[in-house]
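Computed from the coordinates by the stated procedures, all read-outs in this text should not be read as laboratory data. What you see is a predicted model; the values in this text were computed from it and never measured. Glycine also receives a Cβ, built like all others from the backbone with ideal geometry; neighbour counts cover every protein chain displayed.
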């Protein structure tokens, strides 16, 4: 992930603002919030602008996933590309145990704990595949993104080190 983020930062630096780079990286599946905070570190940004840009960028695709992913997957399954949504669904559902067991709290934890393979995109997709309510899922994912952003920022900006030094 680090080399992808470094490539994006190198390609966009000087062409658009640092905040917009963080915003864009946070919208990319897999990179999401963790990648955007890494980008902010490379760009030597401060905590608050990073946090705001990362959270907004990470949340921007979520309503579209909630509203349209079933229709998009349904359409793709009727084309030569049918293996793509099938693979994505299978991959996402392999991570669904926590959400199936704990419901919305499991969804919150899935998004909030910044581990590889978790995050807003996959959490939202799982909420749709598991039939959770879209409005409630949006709110829960938003709380998860806020929490993950704080966790990553505290670690990445060394705030924890400063507090306990």
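Taking N as the number of residues in the stretch 2-59, what is its alpha-carbon radius of gyration divided by 2.2 N^0.38 Å?
0.93
Multiply the residue gap between residue 10 and residue 105 by 0.36 nm, knock off their C-alpha separation, and tell me the result in nm, one decimal place.
Once the chain is fully extended between residue 10 and residue 105, it gains 30.4 nm.
Could you line up 124, 118 from fewest to most neighbouring Cβ atoms inside 10 Å?
Numbers: 124 29, 118 21.
Placing the least packed residue first, the sequence is 118, 124.
Rounded to two decimal places and with Rh computed the Kirkwood way over Cα pairs, what is Rg over Rh for the stretch 105-158?
1.01
Using only alpha carbons, build the gyration tensor for the chain and give me the equivalent ellipsoid semi-axes, biggest first, whole Å. List each step's numbers first, then the result.
Numbers: eigenvalues 162, 76, 32 Å².
Equivalent ellipsoid of the chain: 28, 20, 13 Å, largest first.
Using alpha-carbon positions, what is the distance between the centroids of the stretch 1-77 and the stretch 108-151, in Å?
If you average the Cα positions of each part, the centres end up 15 Å apart.
Using only C-alpha atoms and all pairs of different ones, pull out the Kirkwood radius for the stretch 26-115 in Å with one decimal.
Numbers: mean 1/r = 0.0663 Å⁻¹.
Evaluated on the stretch 26-115, it is 15.1 Å.
Below 8 Å, C-alpha to C-alpha, sequence gap of six or more: please give me the relative contact order for the stretch 93-165 in percent. Present the calculation step by step, with values, prior to reporting the outcome.
Working: 66 pairs, mean separation 22.7, N = 73.
Averaging sequence separation for qualifying contacts and normalising by length gives 31 percent for the stretch 93-165.
Given 10 °C and 1.306 mPa s, how large is the Stokes-Einstein diffusion coefficient of the stretch 62-151 in µm²/s, with Rh as the Kirkwood radius over Cα pairs?
121 µm²/s
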